[in-house]
Structure formats: structure tokens, C-alpha cells
Amino acid sequence: MNENSCSFHNEKELRDGQVESVSAGYPPPCDEANSALLAFRGIPLPLQISELKNHGILRALTAEANGWEPAVMSTEVLRAQEEWEAVDSIQPETGSRASPDQPGQLISFSEALQHFQTVDLSSLKKRIQPTIRRTGLAALWHCLFGPPKLHQGLREERDLVLTIAQCGLDSQDPMHGRVLQTIYKKLTGSKFDCALHGDHWEDLGFQGTNPATDLRGAGFLALLHLLYLVMDSKTLLMAQEIFRLSRHHIQQFPFCLMSVNITRITIQALREECLSRECNRQHKVIPVVNSFYAAAFLRLAHVWRTQHKTISDSGFVLRDLEVLAKKSPRRLLKTLEIYLAGVSKGQASLLGARKCAGPQAPPSKDLTFTGVCDLPPHSSEGTWLI
């Protein structure tokens with residue numbers, strides 16, 4: 001026997017305590033390694049691997065160190081080494097897992113908004129039309145009886161909102177991916193990331209497997225509105241209730257697509273200066289726009305549930321909502337305030353006296369949805385150019 005090696009007996013001998021004495025000169029490494037393994041047996045395997053690597057024990061047990069080499073490799077050491085090598089070799093699949101540049105952490109509305117406030121959007125800003133162009137009698141009537149103009153100091157904030165509506169969804173942008181992941185997790189309750197393309201987006205109410213194709217007329221602002229809805233603690237319950245209603249076996253509708261249409265209505269109300277009075281009163285634009293969007297969604301859900309609407313009614317419901325929202329934005333916002341006050345007391349349900357009952361059904365791919373862009377304009381101001 002080599003004087004500089006450690007001898008390990010089989011498991012039976014170990015159980016019987018018949019361990020051969022190690023050669024003089026190198027007992028500490030063997031004793032230290034065995035005692036470390038015994039101590040780590042109560043730790044979950046991934047933590048074992050990490051700790052073994054951190055303390056250099058795997059290296060000591062699997063390679064020659066300080067002049068000694070084990071004659072027989074422990075099965076536990078082999079298993080740990082294999083697991084560690086497997087961990088090192090795992091690579092995330094594109095679009096299906098979080099990467100170092102696309103962590104699986106939730107993103108807040110303020111963080112996403114700050115991203116757009118700091119990036120260069122000058123090329124997109126040139127394409128916006130901040131207000132509706134009126135001529136003839138329409139211009140005269142608006143001047144005499146229309147809403148007030150937005151204060152000069154708020155116009156830059158308004159332009160930012162309209163510019164974001166010009167931005168598309170870029171699946172290669174880590175922030176865009178985090179917004180999608182956050183919306184998905186908050187609505188479904190999932191703790192895991194999902195692929196940025198796939199059938200699971202149809203479950204949330206997009207028309208296809210790629211959410212980017214459904215943002216026509218609203219751009220990334222539509223996703224920011226959904227993010228606001230699910231990340232604000234005051235509106236999260238409302239979002240979850242509407243989502244459950246959208247999966248009703250009779251009254252189902254595409255939740256996210258409906259939300260995109262409400263964002264379009266919000267954009268149009270902002271451009272037609274229907275929100276200017278409230279923005280001037282609050283001295284801010286983005287919070288008013290967010291609240292208006294949430295109030296419009298609340299109104300739609302209430303009408304949908306109480307009047308027993310179905311997907312065939314979608315275009316008409318949205319048209320009526322658009323007219324009401326532009327005519328009485330303050331009334332709409334007041335309804336939201338009352339609802340949220342009730343939520344804080346645990347009393348409010350947007351579905352009236354009874355919550356949405358009945359079985360839920362998976363979204364049908366055969367639903368024919370009519371949005372605001374699919375209906376003919378009802379007035380000279382009915383354009384949807386942003």
C-alpha cells in the first residue's frame with residue numbers, strides 16, 4: 001500500500017466500524033473530508049454542491065491534493081460532482097427563461113415609465129399629433145363650448161404619453177420582456193417566467209401567440225396600462241375580477257384585447273382634450289390618463305356583467321363607452337374613486353351585489369371580437385390616427 005494514500009473500505013465495513021487505519025503522515029485530509037460530507041448530508045443537494053465548491057472539498061476529494069489521492073470515489077461525491085457539472089452546463093433557452101439581462105423580477109409601473117423618460121424617443125415624437133385638427137364649424141364650436149386647453153407646462157408630459165403609444169413591443173429589450181412577464185404572473189398567479197411567444201398569451205386574451213401583433217393604435221402604452229392595473233395595489237383586485245369575468249363560460253371576452261381597445265379610447269380622449277380640465281386641476285397628466293383608463297375598464301366590466309353582454313356585443317359596448325367617457329370623464333373618474341374606496345374597506349365588487357359566478361372556460365379561438373378600430377367613425381372627430 002502506498003504510504004501517501006488513504007484507504008476506504010466498502011460500505012459494510014464502514015457500517016461495522018471496521019475502518020482501516022490510514023497511513024501515518026496524512027490522516028487530516030481524510031478525516032476532514034468525511035466529517036464534512038456527514039455534516040452536509042442534511043442540506044439540500046443544490047446547497048451541498050455550492051458549499052462543497054466554496055470550501056474546495058470537491059477539489060480535494062476528486063483530485064490529488066497535498067500529496068494524497070482517494071483509492072475509491074464515494075458515491076455521494078460522484079453524485080455531487082455530476083450535479084455540479086450539470087449546473088455549470090445549463091443554458092437558458094431563448095425566450096423561455098430569464099437571462100442575466102432579463103431577470104425574472106417583477107417590474108413596477110414607475111420603473112417602466114422611467115425607462116421611457118430616459119431613452120431617446122425623438123424620432124417617434126415627430127410622428128405624434130397631440131391634438132385633433134378641427135376646421136370650420138367644428139373648430140368654432142370647440143373654441144366656444146369645448147374643454148379648456150391643456151396648460152403649457154403639462155404638454156411635454158402629454159406628448160410623452162402619445163410617444164409611448166408609438167413604441168412597439170421589442171422582445172429583445174429586457175425591459176419590455178419584464179413588463180410582459182409581470183403582467184402574466186400577476187394575472188395568472190404563476191411564480192415562473194414564460195416564453196415571450198406562445199399559446200399562453202391567448203389564455204390572457206391576446207389574439208395570437210405574439211402580443212406585439214395586437215397593439216395596433218395603442219403601442220406599448222397598452223402594456224403600460226395593463227402593468228399599472230396589475231401592479232397598483234388599489235386596482236389589482238379589479239383587474240383580477242375583470243379577468244375572471246373574461247373567462248366566464250357564456251360572457252367570455254379577450255381580456256388583453258379589450259384592454260388595448262380601452263387604451264385606444266383613452267388616447268383619443270387625451271387628443272380631443274377631454275381630459276385637459278382634469279389634468280389642469282391635478283397639475284399632472286400620466287396619473288389622470290391611468291385613472292381614466294382604469295375607470296373606463298371598470299365601467300365596461302360593470303355593463304358587461306349586469307347587462308349580460310357577450311362577445312357579439314363588443315363593438316357596440318366599446319362605442320357607447322367611448323361616447324360616455326369623452327362626454328363625462330369626471331363622472332367616470334368619480335365612479336372609480338367610489339369603487340376603490342370600497343375596495344379599501346373590503347366592500348366593493350365591480351360586478352355589483354354578486355360576484356361573477358358560474359364556471360370559467362378557456363378562451364375560445366373562434367371568438368369574433370369587434371374593437372373600436374373596426375367600427376365606422378361616428379363623427380368627424382372619430383379618426384384613430386395617433
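The values are calculated or read from the model by the stated rules, or taken from the named source; none is laboratory data. Keep in mind that this is a model prediction, so the values were computed, not measured. Every residue, glycine among them, receives a Cβ derived from its backbone with ideal geometry; neighbour counts consider all protein chains shown. We work out accessible area using only protein heavy atoms, side chains counted, and drop any ligands, DNA or RNA first. Shrake-Rupley method; radii C 1.70, N 1.55, O 1.52, S 1.80 Å.
Work out from phi, with θ = phi - 60° and the Karplus expression 6.51 cos²θ - 1.76 cosθ + 1.60, the ³J(HN,Hα) of each residue of the range 174-182, listed in order in whole Hz, and give x for Gly and Pro.
x, 5, 4, x, 5, 4, 4, 4, 5
Using the structure shown, select from Lys284/Lys326; Lys186/Lys309; Lys149/Lys326; Lys234/Lys284 the pairs with a Cα to Cα distance greater than 22 angstrom.
Lys186/Lys309
Efficiency by 1/(1 + (r/R0)^6): what FRET value for Gln129 and Ile250, r their Cβ-Cβ distance, R0 = 41 Å, to the nearest 0.05?
0.50
Return the long-range amide H neighbours of His248 (sequence gap of 5 or more, or a different chain), with a cut-off of under 5 Å between placed amide H atoms.
Phe253, Ala361
When only alpha-carbon atoms count, how far does the range 152-238 stretch along each of its three principal axes, as whole angstroms with the largest first?
The Cα atoms of the range 152-238 stretch 44, 29, 22 Å along the principal axes, largest first.
One-quarter of the Cα convex hull surface for the range 109-345, in nm²?
So the Cα hull casts an average projection of 13.8 nm².
Roughly speaking, to the nearest percent, how much of the range 109-345's 1.4 Å accessible area is carbon and sulfur?
Whole-percent figure for carbon plus sulfur exposure: 53.
Based on the Cβ-Cβ distance of Ser328 and Lys191, what FRET efficiency does E = 1/(1 + (r/R0)^6) give at R0 = 35 Å, to the nearest 0.05?
Result of the calculation: an efficiency of 0.25.
Counting heavy atoms of the protein chains only and a 1.4 Å probe, report the per residue accessible area for the range 109-345 as a whole number of Å².
Computed with neighbouring chains in place, this is 43 Å² per residue.
Over all Cα pairs of the range 243-305, how is the pair count split among 10 Å bins, expressed in % and running from 0 up to the last occupied bin?
In whole percents, the pair-distance histogram is 21, 45, 23, 10, 1.
Considering only protein heavy atoms, what is the solvent-accessible area of Ser110 at a probe of 1.4 Å, reported in Å² to the nearest 10?
Using a 1.4 Å probe on the heavy atoms, I get roughly 80 Å².
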